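We did not get these values from a lab; they are worked out from the coordinates using the rules stated. Bear in mind that the values here come from a model prediction, so they are computed numbers and not experimental data. As a convention, Cβ positions derive from the backbone with ideal geometry for all residues, glycine included, and neighbour counts pool all protein chains shown.
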């Protein structure tokens with residue numbers, strides 16, 4: 001692929017993460033749960049990774065649980081609290097949060113036209129359901145629009161107005177653009193997925209401050225303090241740890257660089273495709289994502305033409321790829337269904353160059369002209 005602008009869907013493993021994976025797979029082949037010397041060495045390495053991750057996440061090592069990724073972490077956070085009462089989430093969460101919330105008969109919290117949460121409405125929601133709520137989930141950065149949420153403030157509001165509820169945040173898209181420690185220090189539960197920040201697929205984290213507050217999804221093993229049974233993938237966990245350290249160390253500079261790309265890209269789009277609408281433009285957004293609505297076209301048509309031009313973009317969440325229905329995120333922002341079906345997401349990384357975004361803007365303009373003369 002000539003120009004890859006779909007980093008919100010996945011990133012390539014960094015060379016350091018790949019090297020760590022190979023080295024740990026070679027040096028620590030034993031099951032960490034064993035009782036012999038090789039197993040103890042593997043467990044020591046696992047504990048080291050847990051400590052290093054905790055240092056970045058504003059929590060203690062005992063509060064870090066390794067999972068298969070954010071989908072599992074999100075499901076564990078939500079479904080693990082259903083026994084305690086009502087679960088709720090913002091209407092623009094990833095489907096890995098919304099699906100278990102709705103399955104459990106929970107509620108979705110409306111958002112404003114820009115995708116942001118009105119704090120007065122959020123406060124009222126908490127007060128009205130205070131006695132029933134067991135969990136409230138609001139993501140740090142929306143995976144489709146890039147809209148950011150003040151999770152530290154929202155977590156404080158939950159503690160004040162619904163003290164019996166835990167606050168969960170899906171921080172998947174935040175890891176490459178902002179420090180996670182302040183978020184992790186305030187949230188009761190936090191989800192991450194390694195492949196979003198240069199780590200391997202199939203590996204993630206759930207930070208859980210109170211182990212006793214959650215019930216496990218799986219039974220049959222004592223791993224991860226009985227919360228997440230199953231043999232730990234130590235090479236993947238070690239690679240994720242290396243990738244997370246690198247992503248957090250460079251978050252500020254990465255955000256600044258991607259912000260310059262986003263600014264340039266959106267300026268070109270305004271010039272070349274004046275009909276395009278930047279979703280969430282009135283809200284605080286991640287510099288890594290630009291989400292567009294393109295009246296008169298459909299995302300399928302546009303993506304086909306962009307792909308022919310060597311540009312990799314997306315209609316929205318990769319987990320919903322191929323879906324015929326418009327994104328629930330865009331619909332929740334009050335966008336009419338026909339316009340919602342024109343959604344395109346361009347997501348940047350530090351590997352993206354200024355010329356990449358310029359070529360992508362020109363390719364999008366040409367594609368749009370072909371579809372909407």
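Points worth noting:
- Note: relative contact order over the chain, using C-alpha pairs below 8 Å and six or more positions apart, is 23 percent.
- Anisotropy class of the range 131-229 from Cα gyration tensor, a/c 1.5 cut: oblate
- Added length on full extension, which subtracts the Cα-Cα distance from 0.36 nm per residue, residue 270 to residue 252: 3.8 nm
- Rounded to the nearest 0.05, the FRET efficiency derived from the C-beta distance between residue 226 and residue 10 at R0 = 35 Å is 0.70.
- Overall form of the range 52-163 per C-alpha gyration tensor (a/c, 1.5; a/b vs b/c): rounded
- Structure remark: mean-square fluctuation, Gaussian network model of the chain, C-alpha springs under 10 Å; the largest value among 304, 66, 348 belongs to 304.
- Debye log10 I(q)/I(0) for the range 8-58, one point scatterer per Cα, at q = 0.16, 0.20, 0.23 Å⁻¹: -0.60, -0.82, -0.93
- Label-to-label distance, nm, for residues given as residue 27 and residue 114 (7 Å Cα→Cβ offset): 4.8 nm
- Helix 354-371 and the longest principal axis of the Cα set of the chain meet at an angle near 60°.
- One Cα centroid belongs to the range 346-369, the other to the range 180-223; the line between them spans 34 Å.
- Taking the average, over residues, of other Cβ atoms within 10 Å as the packing measure, peptides 169-181, 77-89, 23-35 rank 169-181, 77-89, 23-35 from highest down.
- Each Cα pair under 8 Å and six or more residues apart adds its sequence gap; the mean of these over the residue count of the range 224-371 is a relative contact order of 30 percent.
- Centroid-to-centroid separation of the range 18-66 and the range 250-270 [C-alpha atoms, Å]: 35 Å
- Extents of the range 221-297, largest first, come to 57, 30, 21 Å (Cα atoms, principal axes, whole angstrom).
- Cα-based shape type of the range 203-340, given that a ≥ b ≥ c are square roots of the gyration tensor eigenvalues and the cut on a/c is 1.5: prolate
- Per residue convex hull volume, Cα atoms of the chain, in Å³: 125 Å³
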